[in-house]
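> Below is the structure I would like to discuss, written out as structure tokens.
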Amino acid sequence: MIAYYANLIYAKYKFLSHIDDHYLELSDRTIDRILEDKKLIKDYHSTFMRLTDREREVIPLIVYGYTSAQIAEQLFIARSTVETHRKNINRKLKIKYSYQLVRLAQAFDLV
């Protein structure tokens, strides 16, 4: 699977090599993002699958900046339940900084 992506990236790089440098830089960032996402998915897949459906439902709302009260209102659950979900998500995924959750949510197509 990695070889497939490497070949795809190489082909895209060769195709874009004749296009202006600005577009090529943007493309390189996109390729780096794809590779980083694949690594995150590989590293966190089994851990991510241990999250409950509700925890996975809460993640995008956290990433979009909703407060626990807003999430509770939207999902028709208690604020304390949302706070428990937040704690469980952080514990299960070993999240220390909010940007880590954002990157995982992006890699797993939750946002």
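The values are calculated or read from the model by the stated rules, or taken from the named source; none is laboratory data. No experiment lies behind these values; they were computed from the predicted model shown. Backbone-built Cβ (ideal geometry, glycine too); neighbour counts: all protein chains shown.
> Hey, among the residues in segment 35-90 that are assigned to a loop (DSSP other than H, G, I, E, B) and surrounded by 13 or more Cβ atoms within 10 Å (Cβ to Cβ), which one's farthest from the chain's Cα centre (by Cα)?
So the residue we want is Ile77.
> Out of the residues in segment 13-34 that are of a type in the set (S, T, N, Q) and at pLDDT below 75, state the one that is surrounded by the fewest Cβ atoms within 10 Å (Cβ to Cβ).
By that ranking, first place goes to Ser17.
> Still on this structure: Quick check on segment 91-111: of everything there that is of a type in the set (Ser, Thr, Tyr) and in a helix (DSSP H, G or I), which residue is farthest from Leu35 (Cα to Cα)? Steps first, answer last, please.
Start the filter on segment 91-111 by keeping residues that are of a type in the set (Ser, Thr, Tyr), which leaves 97-99.
Restricting the remaining residues to those that are in a helix (DSSP H, G or I) gives 98-99.
Numbers: Ser98: 21, Tyr99: 18 Å.
Across segment 91-111, the extreme among qualifying residues is Ser98.
> Restricting to segment 42-83, what's the tally of residues that are of a type in the set (Gly, Ala, Ser) and under 13 Å from Ala105 (Cβ atoms)? Give the steps one after another, and end with the answer.
Here is the first cut: in segment 42-83, the ones of a type in the set (Gly, Ala, Ser) are 46, 65, 68-69, 72, 78, 80.
Now drop any that are not under 13 Å from Ala105 (Cβ atoms), which leaves 65.
Residues that pass the stated criteria total 1.
> What are the pairs, 6+ residues apart or on separate chains, where a residue within segment 32-50 that is hydroxyl-bearing (Ser, Thr, Tyr) has its Cβ under 9 Å from a residue that is modelled with pLDDT of 75 or more?
Tyr44/Leu93; Tyr44/Leu104; Tyr44/Ala107; Tyr44/Phe108; Thr47/Lys92; Thr47/Leu93; Thr47/Lys94
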